[in-house]
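The values are calculated or read from the model by the stated rules, or taken from the named source; none is laboratory data. What you see is a predicted model, and the numbers here were worked out from it, not measured in a lab. Neighbour counts run over all protein chains shown; Cβ positions are idealised from the backbone, glycine included. Accessible surface is based on the protein model in full, side chains and every heavy atom, while ligands, DNA and RNA are left aside. Shrake-Rupley method; radii C 1.70, N 1.55, O 1.52, S 1.80 Å.
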Amino acid sequence: MMPKKKYQIEFSINASPSLLYNYISNPSGLSEWFAGNVNSRGEKYTFIWDGHEESAFLMKSKQDTYVRFQWEDDEDTKYFYELNIVVDELTNDVSLVITDFAEEDEVEESKELWESQIEDLKKILGSK
């Protein structure tokens with residue numbers, strides 16, 4: 001398996017941190033934009049897209065601040081994906097910073113997938 005490259009992308013989101021946190025941390029919120037269906041049992045989340053299923057573990061979270069998941073396939077590695085809510089101290093603008101890992105030749109494709117997913121999230125939130 002090729003080593004994965006860490007990357008970050010940031011999206012401006014017009015929503016309160018507490019509302020945004022509900023959409024990135026709860027199975028029902030994640031089902032609205034991230035996957036067709038999301039179930040959780042404790043720390044294990046199952047994401048379902050068109051009959052395809054993948055599981056991830058909630059590694060860390062902090063209310064209204066961030067969630068960090070690790071795909072089951074990446075267990076025993078340093079790879080994870082994190083959705084971090086950042087509030088600008090001066091303007092109170094809210095951003096969602098995504099940290100993820102992908103193989104070198106898949107980084108751009110992975111970023112495009114996140115961009116598409118975040119566009120769906122923004123529509124649901126009524127954020128431009």
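Return yes or no: is N37 over 14 Å from V97 (Cβ atoms), touching a Ser or Thr at 6+ places or on another chain (Cβ under 6 Å) and touching a residue at least 12 places away in the same chain (Cβ under 8 Å)?
no
Tally the residues that are under 13 Å from the mean Cα position of the chain (by Cα) and part of a strand (DSSP E or B), restricting the search to the range 8-32.
Final tally of qualifying residues: 4.
Can you name the residue in the range 95-128 that is of a type in the set (V, I, T) and out of contact with any helix residue (DSSP H, G or I) (no Cβ under 9 Å at 6 or more places or on another chain) and, of all such residues, is farthest from Y23 (Cα to Cα)?
Ranking the qualifying residues of the range 95-128, first place goes to V107.
Give the residue, chosen from I118, I124, that is among the β-branched types (V, I, T), closer than 16 Å to W33 by Cβ, under 12 Å from the mean Cα position of the chain (by Cα) and part of a helix (DSSP H, G or I).
On inspection, the qualifying residue turns out to be I118.
What is the residue count in the range 66-85 for residues that are of a type in the set (S, T, N, Q) and either in contact with a Gly (Cβ under 6 Å, 6 or more places away or on another chain) or open to solvent by 40 Å² or more (accessible area, probe 1.4 Å) (or both)?
Selection size over the range 66-85: 2.
Restrict the check to the range 33-44 and report whether at least one residue is within 26 Å of K4 (Cβ to Cβ), assigned to a helix (DSSP H, G or I) and at pLDDT 95 or above.
Yes, that holds for at least one residue.
Being under 20 Å from S12 (Cα atoms), of a type outside the set (A, V, I, L, M), in contact (Cβ under 8 Å) with a residue 60 or more places away in the chain and outside any loop (DSSP other than H, G, I, E, B) is the filter here, so list the residues in the range 85-112 that pass it.
Within the range 85-112, S95, T99, D100, S110, K111 qualify.
Determine which single condition S95 fails, assuming it passes every other condition in (1) in contact with a strand residue (DSSP E or B) (Cβ under 6 Å, 6 or more places away or on another chain); (2) surrounded by 17 or more Cβ atoms within 10 Å (Cβ to Cβ).
Evaluating S95 over (1) in contact with a strand residue (DSSP E or B) (Cβ under 6 Å, 6 or more places away or on another chain); (2) surrounded by 17 or more Cβ atoms within 10 Å (Cβ to Cβ) leaves (2) as the failure.
Name the one entry in E10, E43, E32 that is out of contact with any Ser or Thr (no Cβ under 6 Å at 6 or more places or on another chain), within 20 Å of S110 (Cα to Cα) and open to solvent by 70 Å² or more (accessible area, probe 1.4 Å).
Result: E32 is the single residue among E10, E43, E32 that is out of contact with any Ser or Thr (no Cβ under 6 Å at 6 or more places or on another chain), within 20 Å of S110 (Cα to Cα) and open to solvent by 70 Å² or more (accessible area, probe 1.4 Å).
For the range 13-29, give me each residue that is under 17 Å from G126 (Cα atoms) and either open to solvent by 20 Å² or more (accessible area, probe 1.4 Å) or among the aromatic types (F, W, Y) (or both).
Within the range 13-29, N14, S16, P17, S18, L19, Y21, N22, Y23 meet the criteria.
In the range 59-84, how many residues are in contact with a strand residue (DSSP E or B) (Cβ under 6 Å, 6 or more places away or on another chain) and not in a helix (DSSP H, G or I)?
Residues meeting the conditions: 16.
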